[in-house]
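**Student:** My questions all concern the structure below.
The values are calculated or read from the model by the stated rules, or taken from the named source; none is laboratory data. Predicted model only: the values in this text are computed from it and were never measured. Counting neighbours? That spans all protein chains shown, and the Cβs are built from the backbone with ideal geometry, glycine included.
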Amino acid sequence: MSALLDPHDPVHAKALRMLEQDLIAWIVTTTAEGEPRAVPVWFLWHEGRVAILTKPDAAKVAHVRRHPTVVVHLQAGGSFGDDFVILRGPARIAERSTAQWLTSVRERYETKYAEALEAYGSPLDDVAAVFSTLIEVEPEHVSAW
């Protein structure tokens, strides 16, 4: 991953900040019919991967199992929508549950989504029970501006 995003490159440094701080990403998967499907998700940038908690019966889970190459992009920021990060690479459904994965990142996840968790009135353990499947995307290509 270090070859993909160089923290000393100003554009990549901005992309890494966005990956750490942005609350919403869009994952684009491929349906059984070969059509793209984009949905907004909460995510955590962790160890060079995009980690997404989801319901086990979500369409994106079936899509990833069928066609593992996905695109993940962040909301365009900047004054004119000119701050963007688009990642492409293989996704996989993790063997470990969301609850197991959270043992190593709980504090970061709770900090990142503290306001949202409070607004929804759901502690992270309740969220993890419903969104019990973990999708991990390991980017092989990045576009950032």
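**Student:** State which residue is nearest to the chain's Cα centre (by Cα) when the search covers only the stretch 18-35 and only residues that are exposed (fewer than 14 other Cβ atoms within 10 Å of the Cβ) and under 18 Å from Glu138 (Cα atoms).
**Tutor:** Once the filter is applied, the top-ranked residue is Ile24.
**Student:** Would you confirm whether any residue within the stretch 97-105 is modelled with pLDDT of 95 or more, assigned to a helix (DSSP H, G or I) and surrounded by fewer than 17 Cβ atoms within 10 Å (Cβ to Cβ)?
**Tutor:** yes
**Student:** Continuing with the same structure: Restricted to the stretch 32-80, and to residues that are of a type in the set (Gly, Ala, Ser) and part of a loop (DSSP other than H, G, I, E, B), which residue is nearest to Val130 (Cα to Cα)?
**Tutor:** Ala58
**Student:** Additional query: Please count how many residues of the stretch 128-145 are of a type in the set (Asp, Glu) and assigned to a strand (DSSP E or B).
**Tutor:** 1
**Student:** Any chance you could count how many residues in the stretch 106-145 are over 17 Å from Trp26 (Cα atoms), aromatic (Phe, Trp, Tyr) and either at pLDDT 95 or above or within 15 Å of the chain's Cα centre (by Cα) (or both)?
**Tutor:** Residues that pass the stated criteria total 1.
**Student:** Now, a different point. Which pairs turn up if I take residues in the stretch 1-22 that are touching a residue at least 12 places away in the same chain (Cβ under 8 Å) and look for partners that are surrounded by 15 or more Cβ atoms within 10 Å (Cβ to Cβ) and in a helix (DSSP H, G or I) with beta carbon separation below 7 Å, at least 6 apart in sequence or on another chain?
**Tutor:** Leu5/His12; Leu5/Ala15; Leu5/Leu16
**Student:** Could you identify the single residue in Ala99, Ala91 that is hydrophobic (A, V, I, L, M, F, W, C), out of contact with any Lys or Arg (no Cβ under 6 Å at 6 or more places or on another chain) and over 19 Å from Leu19 (Cα atoms)?
**Tutor:** Just one listed residue meets the conditions, Ala99.
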